[in-house]
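Worksheet for the structure shown next.
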Amino acid sequence: MKNKLVALSLLALSIVFVQCKKDDDENPSTAPSVNIVSPTVGKTFMSMDTLALEVIFTDPKELHNYSVEITNVSLDSVIYTNSGHEHGTELIVQDSIKLMVSDHSDMLLKATVTNHLDEITKDSVSFHVHPMGGH
């Protein structure tokens, strides 16, 4: 009797594990994604250069809110912001920004997106801007 009870317990556990794995396979992650195409990590610019900004937001079902922000970390000041509400499955944010600094400046681009399930994905890229005539 004890052996039958142990065998039934093991059978029940194996069914639970198989069912959990099957559910995971049927419900892949629905979280949105952020792909910062430009600028790239560690890129160096000169003051007065134009930054070609590109961020791609995607979600398998439907996007909701997004934001892109560039901060001059050295001065603790926001130099660019773009945010909005979107209902597609893909959004490409492209913009051109004139980078103007008088001192060496570390910059941080932060991109955030949510979907209609309130899942949030964030990514960031740091880069540097040299002042005119500075190396």
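The values are calculated or read from the model by the stated rules, or taken from the named source; none is laboratory data. Being a predicted model, the structure only gives us computed values, none of them experimental. For neighbour counting, all protein chains shown are included, and Cβ atoms are generated from backbone atoms with ideal geometry for every residue, glycine included. Remember, those area values only see protein heavy atoms, side chains included, never the ligands or the DNA or RNA. Shrake-Rupley method; radii C 1.70, N 1.55, O 1.52, S 1.80 Å.
Within the stretch 99-122, can you find the residues that are closer than 15 Å to Asn82 by Cα and of a type outside the set (S, T, N, Q)?
Of everything in the stretch 99-122, those that are closer than 15 Å to Asn82 by Cα and of a type outside the set (S, T, N, Q) turn out to be Leu108, Leu109, Lys110, Ala111, Val113, Lys122.
Before we move on, is Ser29 open to solvent by less than 60 Å² (accessible area, probe 1.4 Å) and either at pLDDT below 60 or among the small types (Gly, Ala, Ser) (or both)? Working first, answer last.
Working: open to solvent by less than 60 Å² (accessible area, probe 1.4 Å): no; either at pLDDT below 60 or among the small types (Gly, Ala, Ser) (or both): yes.
No.
Output the number of the condition that Lys61 fails; it satisfies all remaining conditions of (1) touching a Leu at 6+ places or on another chain (Cβ under 9 Å); (2) among the charged types (D, E, K, R); (3) within 27 Å of Asp106 (Cα to Cα).
Here Lys61 meets the rest and fails (3).
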